[in-house]
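Here is the structure we will look at.
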Amino acid sequence: MVFLSQICMKYTPIWLQKSGRRSVFFRRVSLFRLTGAFGGLSRNCWKIAIKKWTKSIQYKPKYRRMRTSMILDLYSQRVLGAVEEHGFKLELFLSSLTKCGLELDRKSLANIAVYEPKTFESLVNLAKTKFREEGDSEAAINLKPVDGVITRGML
């Protein structure tokens, strides 16, 4: 196999050849764009900007894991607050929904609780009815029946 590119480059003028590296200015500008949100000299001083940028790359996976756990906690808190507002417990609510055949994760439940409170109220009423219908405990017996909710077990 013959590599002709080097041979052909020998006969092209220098002004037409592309250099292998970008100029210093453009390399620095591209880094300053990445560090523009940093504070102090780390946004516009070359040496400090490189150090801060490499350190920020090291921090990213850790903060990504922390952010996901914080968001999952936020979803859980939203669902817990919405369920307790309707007078029911979260564990019973989630188990009753799975018994009804509704497999909704906490993110979708949190979004329904925040943006569609009437829909969430109907989900809680459905879970209450299912829990009262199938539960053997004191809590299930003492739970008041919900009007207008019919499950498959009632048919």
For the pairs LYS62/LYS99; LYS99/LYS144; LYS107/LYS128, note any where the Cα-Cα span goes beyond 30 Å.
LYS62/LYS99
Of the residues TYR115, ALA82, LEU102, the Cα lying farthest along the dipole of the range 66-154 towards its positive end, which is defined by charges on the beta carbon of Lys, Arg, Asp and Glu, belongs to TYR115
Using 0.36 nm per residue, how much length does the chain from TRP46 to LYS144 gain when fully extended, once their Cα-Cα distance is taken away?
28.4 nm
In sequence order, calculated HN-Hα J values of the range 37-49 (Karplus, 6.51, -1.76, 1.60; Hz; x Gly/Pro):
7, 6, x, x, 6, 6, 9, 9, 9, 4, 5, 5, 5
Given Cα pairs under 8 Å that are at least 6 residues apart, what percent is the relative contact order of the range 11-119?
16 percent
Looking only at Cα atoms, what is the convex hull volume of the range 26-126 per residue, in Å³?
140 Å³
So, in Å, what gap is there between the alpha-carbon centers of the range 35-58 and the range 70-143?
47 Å
Per 0.36 nm of contour for each residue apart, how much would the distance between LYS99 and GLU116 grow if the chain were fully extended, relative to their Cα-Cα spacing?
3.9 nm
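Assign unit charges at the C-beta atoms only (+1 for Lys and Arg, -1 for Asp and Glu), then state the dipole size of the range 66-154 relative to its Cα centre in Debye, rounded to the nearest 20.
Details: 12 positive and 13 negative charges, 38 e Å.
My answer is approximately 180 debye.
All of the numbers you see were taken from the coordinates with simple rules; none came from a lab. Being a predicted model, the structure only gives us computed values, none of them experimental. Positions of Cβ are backbone-derived with ideal geometry, glycine not excepted, and every protein chain shown enters the neighbour counts.
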